[in-house]
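What follows is a set of notes on a single structure, which appears directly below.
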Amino acid sequence: MARDIEYILKLLEEYGMVTAEDIYYAREAAMNSDEITDPVEILLKQGKVQERELLSMLAQQYGWEVVDLNDYDVDPEVIAAISVDIAHNYCVFPVMKHDDMLTIAMSDPTDMEKLDTLRYLLGIDVDAVVAPEAQILKMIQKYYKDDEVVSDVGQSDFDESDNVIDQAGTANDGLPEDDDTPIIRLVTKLIVDAYKMKASDIHLEPMEKRYRVRYRIDGALREVDGPPKYLQPNFTSRVKILSGLDITEKRIPQDGRIRLTVNGQDVDLRVSSIPTNFGESVVMRILDKASIQLDIPKLGFYADDLDMVTRIINYPDGIFLVTGPTGSGKTTSLYAFLNTINTPARKLITVEDPIEYQLPGINQVQVDRHVDMTFAAALRSMLRQAPNIIMVGEIRDVETAEIAINASLTGHLVFSTLHTNDAPGAITRLVDMGVKPFLVATSLRAVMAQRLLRRICSECKAPYTPTPSECRLLGLTPEYLANHQFYKGKGCRRCGGTGYKGRIGIYEIFLITEDIAKMIFANENSVTLRDFARRNGMRSLRDDALRKVEAGISTLEEVLFVTLRDE
């Protein structure tokens, strides 16, 4: 925290303590010096200004008291109010504590940001008095002499060689028991709190006058207390250091990764930074290895859909696509499928960007465009490894699509994902990419669209009557309402007042039957394909969602929110 140099120089001249010429030469000396870049320090060193006079002048301006710390005998309880790293890093010393008010000594009353930061770090009100910096350092040395000082880099818990924070054996709050630098502790606490709340993402968003922090929990963003605006650069730099990003580059988007252990559990974070008009926006996606669900029945399939999926993933060849927007659980479903069919008799290879979870017994390849390791290039090479089953993280272009199709036509079972709203829409998407309709018709075995529906919190679950608007939008008849009981969460401590806790999948499975293959070959559009499939028994996402509502798992409100666009 830098002092307000210009304000101090102006006051010194107004008080007649220095002349304009003195200030001019002090600026020149500071500009040409490799050691002292502060003109106020130059004036002090030259003897133009005495430190006592400077402190008295500043204290008078801010209504603070100047104290002589040599006369102070401080109680150990007061010393314990701040840690050694805060005392050293902020050059402050606690002198008095009364109820929830802590009085500290600092050498620069103009540094109001330091006071606000300390209030945020300590969680109590902080008042200040003025004392010479040398006395403050002497008192810190005297009263904290037995404490270990942690460096600003925070190497006590961070090794930049592999971007790992090892927090095994942590305290009950998940934070390292040893002292750490304040920013490091705050960033670590932010991540640990998000993990404990089962958040999937952490959003650090610079606004014009504040620094907003939000967690995505069960698919919905929830704002939490964030640091002061002026800590924004410190937060961003710390996250970028942890994720191996270039902290000097603020003009272009960057992507990185953090690996850490929280209470004995391995957690990965995918980090993305992008420049905005008020600073760099950072999103950390939490990949909790312990929470990934690799048991297909627990993904939310009903018995009929489960039988259908089990048949599809045991086909000897062909392509099985999973579609949906980002965050709809596509990767989790694919991992569950692969885990189920992963046997010693089969060779499985995946190509992903990035590899989100390590699956034992499966060869996983990371896309790296810097060395031209694209999906297409990796897929082409993978076929020389004689695999039985291939998973392509995403089909993004015609080259990847055609290689995947050729692989399926030569005896391989291929899994992949597409970004489409519904299952039949995948056909149109592939054709629009440039894939010939007859290739789609002969290689595709099924497409599964999916979304994630929030579960009603079991602690505050209670019956409720649907609103007329919900009934109208969902087309619910009086007979349907009379035969079903509906539930909603009232909101409690367990669910954070939202009424929801956890999520479950909803699915739309589009089987490529002989009749549908003929329609694809004839280049029929997705609307026609969808109508035909619905008439022949395909359930839509909304149909499956309503089954979950009827079972008391979710709400009509959630069904509308998740499926309205698709219907």
W64-R212 pseudo-label distance in nm [points 7 Å out on the Cα-to-Cβ vector]: 3.4
Two-site FRET efficiency, C492 against V224, from Cβ-Cβ distance with R₀ of 22 Å, rounded to 0.05: 0.75
For the chain, the charge dipole (Cβ of Lys, Arg +1; Cβ of Asp, Glu -1; about the Cα centre) points to a positive end, and the Cα of H370, Y302, A345 closest to that extreme belongs to Y302
Only four residue types carry charge here, +1 at the Cβ of Lys and Arg and -1 at the Cβ of Asp and Glu. Report the dipole size of the stretch 194-293 about the Cα centre in Debye, rounded to the nearest 20. 140
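Test of understanding: what is the full-extension gain from F278 to D100, defined as 0.36 nm times their sequence separation minus their Cα-Cα distance?
My answer for the length gained is 60.7 nm.
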Is the stretch 268-356 best put as rounded, prolate or oblate by its Cα gyration tensor, with a ≥ b ≥ c the root eigenvalues, rounded for a/c under 1.5, and otherwise prolate when a/b is larger than b/c, oblate when not? prolate
Which FRET efficiency, nearest 0.05, do D116 and K10 yield, Cβ-Cβ r, R0 25 Å? 0.65
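How would you order 109-118, 10-19 from highest to lowest mean count of nearby Cβ atoms within 10 Å?
109-118, 10-19
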Along the dipole axis of the stretch 422-567 (charges at Cβ: +1 for Lys and Arg, -1 for Asp and Glu; origin at the Cα centre), the most positive-end residue among G502, V435, Y480 is G502
What residue among A30, Q50, S237 has its Cα farthest toward the positive end of the dipole of the chain, where the charges are +1 on Lys, Arg and -1 on Asp, Glu, each on the Cβ? S237
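Could you tell me the relative contact order of the stretch 186-327? Use alpha-carbon pairs under 8 Å, at least six residues apart, and round to a whole percent.
On the way: 194 pairs, mean separation 25.7, N = 142.
Answer for the stretch 186-327 is 18 percent.
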Tell me the label-point distance for the pair T465, R311, using the 7 Å Cα-to-Cβ offset, in nm and rounded to one decimal. 4.4
In terms of the Cα gyration tensor, with a ≥ b ≥ c the square roots of its eigenvalues, is the stretch 40-149 rounded because a/c is under 1.5, prolate because a/b exceeds b/c, or oblate? prolate
If packing is taken as the average count of other Cβ atoms within 10 Å, what order do 249-256, 84-91 fall into, highest mean first? 84-91, 249-256
Taking a ≥ b ≥ c as the square roots of the eigenvalues of the Cα gyration tensor, with a/c under 1.5 meaning rounded and otherwise prolate when a/b exceeds b/c and oblate if not, the stretch 348-460 is oblate
Which value in deg cm²/dmol, rounded to the nearest 500, describes the helix-derived mean residue ellipticity at 222 nm for the chain, given -39,500 (n - 2.57) per DSSP H run of n ≥ 4 and division by the residue count? -10500 deg cm²/dmol
Expected sort for 94-101, 317-324, 403-410 on mean C-beta neighbours within 10 Å, highest first, is 317-324, 403-410, 94-101
If I model a spin label as a point 7 Å beyond the Cα along the Cα-Cβ vector, how far apart are those points for E479 and I341 in nm? 4.2
How high is the relative contact order of the stretch 1-151, in percent, with contacts defined as C-alpha pairs under 8 Å that are six or more residues apart? 23
Suppose every K and R has +1 on its Cβ and every D and E has -1 on its Cβ; what is the size of the dipole of the chain about the Cα centre, in Debye to the nearest 20? 3580
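Averaging sequence separations of C-alpha pairs under 8 Å and six or more residues apart, then dividing by the length of the stretch 410-557, give the relative contact order as a whole percent. It would help to have the intermediate numbers written out before the result.
On the way: 197 pairs, mean separation 48.1, N = 148.
Relative contact order comes out at 33 percent.
Throughout, read-outs are computed from the coordinates displayed, never taken from laboratory work. Please read all numbers here as calculations on a predicted model, not as lab measurements. Note that we place each Cβ from the backbone using ideal geometry, even for glycine, and neighbour counts take in every protein chain shown.
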